[in-house]
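Below is one structure, written out as structure tokens, with a few remarks after it.
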Amino acid sequence: MKLPVIATVLSLGLLWGIASPVQAEYYLYQLPDGSRVITDRPKFDSAHKLVRKSGNPVGLGRYAAGHSTFNTAPAANYLRFENIIHAVANRHKIDAALVKAVIHTESFFNPNATSHKGASGLMQLMPATAERYGVTDLYSPRQNIEGGVRYLRDLMQRYPRQLKLVLAAYNAGEQAVDRYQGIPPYPETRKYVKKVLKKHTFYSNWP
């Protein structure tokens with residue numbers, strides 16, 4: 001009887017006295033809407049069509065580039081910040097899936113992202129917002145997430161049970177939302193709200 005390949009490799013490693021580290025596997029799936037997602041967990045449902053798998057998430061990200069990347073985020077960075085996101089979100093009683101959706105939309109999980117308007121870090125905090133929440137290093141993932149989550153929490157208290165207004169205010173500012181008594185008629189803000197809501201649904205279903 002032939003041994004499975006993995007068992008064979010491990011057996012040879014033991015015989016030769018060589019440790020056989022198990023390399024993490026990443027999977028690139030295509031969803032029915034044409035979007036693609038990178039994850040470190042295999043999927044077996046019909047909605048996830050395996051495109052390819054690799055031990056290199058950066059390579060998968062490059063492979064997915066140029067395709068519909070609505071759900072595709074750099075797996076290495078996403079997993080790197082997972083614990084911080086959950087810890088800060090839980091402490092402030094904010095949905096971690098929402099925080100991930102905002103970070104994905106704002107910076108694509110790049111802690112060094114900087115916009116032409118001066119917004120910086122994972123949650124793209126403006127300098128004034130960072131100062132308001134005591135963030136001294138905009139490029140520190142922990143500080144940036146802490147400031148961004150606290151801002152989201154305050155916006156939720158200002159616009160209770162109105163997530164669309166919370167997101168609009170995060171993008172355009174509270175003053176703009178109050179002035180228009182709703183989502184401002186800015187194309188960028190309206191697109192932003194839709195993008196975050198879609199990603200929120202995605203991360204809410206993330207295993």
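Scanning the stretch 141-188 for residues that are closer than 28 Å to A87 by Cβ and small (G, A, S) yields a total of 5.
Could you tell me whether any residue of the stretch 58-66 is assigned to a loop (DSSP other than H, G, I, E, B) and either in contact with a Ser or Thr (Cβ under 9 Å, 6 or more places away or on another chain) or modelled with pLDDT under 90 (or both)? Checked the stretch 58-66: at least one residue is assigned to a loop (DSSP other than H, G, I, E, B) and either in contact with a Ser or Thr (Cβ under 9 Å, 6 or more places away or on another chain) or modelled with pLDDT under 90 (or both). Of everything in the stretch 86-131, what is of a type in the set (S, T, N, Q), farther than 18 Å from V37 by Cα and surrounded by 19 or more Cβ atoms within 10 Å (Cβ to Cβ)? Give them in sequence order. Within the stretch 86-131, S120, Q124, T129 meet the criteria. Of the helices (runs of 4 or more DSSP H) entirely within the stretch 110-198, those holding at least 3 residues that are within 19 Å of I94 (Cβ to Cβ) occupy 127-132, 141-158, 163-172.
The values are calculated or read from the model by the stated rules, or taken from the named source; none is laboratory data. Keep in mind it's a predicted model, so treat the numbers as computed, not measured. Cβ atoms come from the backbone with ideal geometry, glycine included; neighbour counts cover every protein chain shown.
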